[in-house]
Structures are given as C-alpha cells and as structure tokens.
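A.B. asks: My questions all concern the structure below.
Bear in mind that the values in this text are calculations on the coordinates, not laboratory data. All figures in this text were calculated on a predicted structure; none of them were measured in a lab. Cβ placement follows ideal geometry from the backbone for every residue including glycine, while neighbour counts extend to all protein chains displayed.
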Amino acid sequence: MTGRLGILHSWRRVLLLLPLTLVIVGLIVGFFNEALGPNLSQSIPFFGGSRGPIYQECVPPPLSDRPPTVNAFELLPHLLRQLWAPLLVPLTEPAFTTRDGTIKKLPADKPLIHTHPLGKRICILDVDTRELDEKGDIFASTLPKFSNIKLQTSGYVSHYLYAMVHGYTYKFLRVPTYKDRAPHWTKVIFTKELLKEYDIVVMLDYDTMFPSPELPFEWLLNYWQIDRDVIVAMSEDPNVGQNMDRKGKPNVNSGFIIAQSMGDPQKTQELFKDWAECPDEKRYKGCAEYKDVIFHEQSGFSSFVRYDFLNGLSVETEEGRKYVRALPCSEANGIPDVKDTGCIGHLVRHFWGHKFATPRELSESILENLVPLLAKAAFGDMDIVRDYRGMVLEGGQIVDANGFGKMGAGGANEGADLKGGHEGGDPPAPAPP
C-alpha cells in the first residue's frame, strides 16, 4: 500500500508541476524573447492541436494554407487566449466567487458600464527603471527558471498572461529616472503618455497581481461602477498611522492605478500633468517633501492632488468623486495573509507586506485554471478512459457481468464485442438466435 501511495503522490506532483513549468517558460520567452537575442527566435514545427476541451478552437489551418514552419513564440498570445477561453467569466456575469470563496455581485440596481469587450483599448502597463538583467530576471542573458525566478519576474509575467488571456494590449516600459526624485515618480508621467494612445491604462507595480486571470477587467469596471467620467481610481491603504495623508485620511495606493481617457482626454492629461509636477510645487506647496520621502508619488496624490485638481475640484465633494475614485482596500489591495489590516485582495492583490510570495501567487493563479483543463482533457475523453466497472474478473479472464462475452488472458475478446461495456456504454444486445 505504501508503494502505491508513493506512486500516486509522485503522479500528482508531475501533473501539477509540468504544466506550470511549460507555461511559465513559454510566457517569459513569448514576450521577452526579443530582448534576449535572435538565437531564441527559432522556427519550430507546429504539430497541430490536441483533443482537449478546446480542440475545435485550436485546430491549425491546413498545410496548404500555411508555411511548413512557424515561430511558435509568435503564436503564444493566440494560444494563451484560446487555452483560457473555456474559463473566461462573461462581462455581464451577475456574480463571481473569488479564490478565497467570497461572492461578489454586480450591482443589480445600476446599469452595466461595459457589455462588450474593449480588447486592445485596454493597456496593461509595467514601468521599471532597473536593468533587470541578473539571473532570474526578464532581461537576463539566459532564460529564467521557476527555481531561480526573481520576485519581479513573477509579477511581470503574470501581467503579460492576464493581458494575453483577454486580448488586451501589454506594454513594458524601460524608462530613465528623474535627477531630483525617487524612481517611483516615473509611473505617473508614463501612465500619462500611454493615455494618449489607449482609453484605459492599468498601471501595476510588479507585486500587484490578478488572483483570478479568468476575470475580465471590464467585469471589475462594472462591479466598481467606474464609468467613462472617472479619470483615475486607486485602492485605499490600510487605516493605520503611516498610511494617513495630511488630513488624517488613508492614502490611496498607486501600486494599482486605473486611468481613463474615455470621458474627456484633455482633463485626464491635465490631472496627470499636475500630479507629475507635484514635487515642483507649481500648484501644490509642500509637495516637494515627497520627492524622496515615502510614499513618494502616492503621498503627493493623497495629500495634495486629490484635494485640488482640474478647476479646484476635491474628492470631498460629490463633483470631485465623479472623477477620482477610491476603491475598497478589502478588494483591491493587500492579500489574505494580512487580512487583519482590512486589505484582503479579493479581486486584485498587492503583496507589499509579502513580496516574497509573488512566485507562489503566479503558480497558484495558473494552476487554478490549468488543472481543470488538464483534468477535462485527460479524463473526459472516452478515447483515453475505459470503463470496466460492469465486468467480472474470473482468473485470467475479464467477463461481461451479463454473460454476453469475455476477454481471454491474452486480451482477445471471446464471444460478443465488449466495447460498449469497456467504455461505459450500455451492455451489447444479445446476438440473434
């Protein structure tokens, strides 16, 4: 019995770890391939689709309609989207159960903001000033492995995955630093720039991750009722001392920024310009303190910008809240491990207290989706699964329970065909006299 249990446990480990390894390597190569050198862009034969749950959607074109070889990495975004297609939550799905079992429901008494996918109009954005070229980084000379993956690599790969699954745009910006302020401020000006190209820019710190890749961003916008007039939305921080702004209210956290130019692009550009220039004190006296003092751009926005933006609007008024929105910390900040702070990360997780856990989050979010697909592909296929439960074992023979036939010790059928019984169908009808 011990030996059998050992085999079962070994099989379980293989089943769980193999798809994870393949997907992570594929994701890293697929997007960051170009930065790692042309030697990785080899043409690899495409051998067609498997007979899994999405077989019909993944069938390649006939040989006559395509070249004999294609760059497999170029196919990755399409394949990722097709792989997750059976799992995607509809934009208008009334309720969604989070990974921790919490049920979130779309507001039944308010109209939905989005009923059709926005696709490439949404840009998932990463901004970094670092070289990221050490072992385990995305721009290293050798591909990262899950065994040596850097924390930031885990986050960035997860962002790319999320964008590809839903057909969004993904951009990774390698940017210079300011001469007079912390590198954190770069996210503001480059979010502003990308808003000239995209209707919605979702800026993420590397330790901010989507725990449920199958949940579309449009669903989140519907849930939070972020309509086209909202320019920027961020989550509140925990309600503790160091996170309070100058008025004694919790800061908003800029590790997850929803920025929109759908309503009035000019107003969007104006607000982000004022935010980026906050430390210059052109409009906000005292903001220079946050050039290098935590929480940098986050504190600048929380203590200054949100109380005086556009034509003197403030989040303390109903008109101001029309443009600037604070999201609940329980839903868009923190992780379950720090639930005592009130920030649980039901829908978006930010690992500011546990950055070391980002590789775990990457693996869990992928496996939560892939294990059901693997199970369906393997054990929902009657070409793979044979059902002998209706048979009787007699010495060296497998006998039909109803006496219609049997299989000899050599495996050959003796008597009636047992195929139906083998594969779970009804017993074969008796042969006519």
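A.B. asks: List, in order, the whole-Hz ³J(HN,Hα) value for each residue of segment 197-206 obtained from phi through the Karplus relation with A = 6.51, B = -1.76, C = 1.60 and θ = phi - 60°; use x for Gly and Pro.
C.D. replies: So the Karplus estimates, Gly and Pro as x, are 10, 10, 5, 9, 10, 10, 8, 10, 5, 4 Hz.
A.B. asks: Something else: Under 5 Å between amide H atoms, partner at least 5 residues away or on a different chain: which partners does Thr208 have, H built in plane at 1.01 Å?
C.D. replies: Excluding prolines and chain starts, which carry no amide H, the hits are Phe351.
A.B. asks: Would you kindly derive the ³J(HN,Hα) couplings of segment 317-327 from the backbone phi angles with the Karplus curve 6.51 cos²θ - 1.76 cosθ + 1.60 (θ = phi - 60°), listing them in order in whole Hz, with x for Gly and Pro?
C.D. replies: 10, 4, 5, x, 5, 5, 9, 10, 10, 9, 8
A.B. asks: What are the trypsin sites (Lys or Arg not before Pro) within segment 263-343 that DSSP puts in a loop, where the Cβ has at most 12 other Cβ atoms within 10 Å?
C.D. replies: Lys282, Lys285
A.B. asks: Using 0.36 nm per residue of separation minus the Cα-Cα distance, give me the extension gain between Leu310 and Thr129 in nm, one decimal.
C.D. replies: Contour length minus Cα-Cα distance gives 62.2 nm.
A.B. asks: Of all the C-alpha pairs in segment 232-302, what % are more than 21 Å from each other?
C.D. replies: 28
A.B. asks: Expected output is a single nm value to one decimal: the length gained when fully extending between Arg99 and Ala288, i.e. 0.36 nm times separation in residues minus the C-alpha distance. What is it?
C.D. replies: 63.9 nm
A.B. asks: Here is a further query. Let me spell out the model: positive unit charges on the Cβ of Lys and Arg, negative unit charges on the Cβ of Asp and Glu, origin at the Cα centre of segment 74-120. What dipole size does that give, in debye rounded to 20?
C.D. replies: About 80 debye.
A.B. asks: Report D for segment 127-203 in µm² per second (integer): Stokes-Einstein, Kirkwood Rh on Cα pairs, 10 °C, 1.306 mPa s.
C.D. replies: 114
A.B. asks: What residues have an amide H closer than 5 Å to that of Ile344, excluding those fewer than 5 places away on the same chain, when H is modeled at 1.01 Å from N in the peptide plane?
C.D. replies: Counting only residues 5 or more places away or on other chains, the set is Ser330, Glu331, Asn333.
A.B. asks: Suppose we keep just the alpha-carbon trace of segment 245-348; what are its Rg and Dmax in angstrom?
C.D. replies: Cα only, segment 245-348: 14.3, 41 Å (Rg, Dmax).
A.B. asks: If you wrap a convex hull around the alpha carbons of segment 323-407, what volume per residue comes out, as a whole number of Å³?
C.D. replies: For segment 323-407, the hull spanned by Cα atoms encloses 222 Å³ per residue.
A.B. asks: With the dipole of segment 61-216 worked out from charges on the C-beta (+1 for Lys and Arg, -1 for Asp and Glu) around the Cα centre, which of His114, Thr169, Ser147 lies farthest toward the positive end?
C.D. replies: His114
A.B. asks: Which far-off residues, 5 or more places away or on another chain, put their amide H under 5 Å from the one on Ser235, with H placed in the peptide plane?
C.D. replies: Amide H neighbours of Ser235, under 5 Å, 5+ apart: Asn253, Phe256, Leu327.
A.B. asks: Which entries of Lys135/Lys291; Lys150/Lys355; Lys192/Lys282; Lys187/Lys273 show an alpha-carbon separation above 20 angstrom in the structure shown?
C.D. replies: Check vs 20 Å cut-off fails for Lys135/Lys291.
A.B. asks: In nm, what is the difference between 0.36 nm times the number of residues separating Ile384 and Asp264 and their Cα-Cα distance?
C.D. replies: Gain in length upon complete extension: 37.6 nm.
A.B. asks: Between the alpha-carbon centers of segment 324-365 and segment 110-181, tell me the distance in whole angstrom.
C.D. replies: Each part's Cα centre sits 17 Å from the other's.
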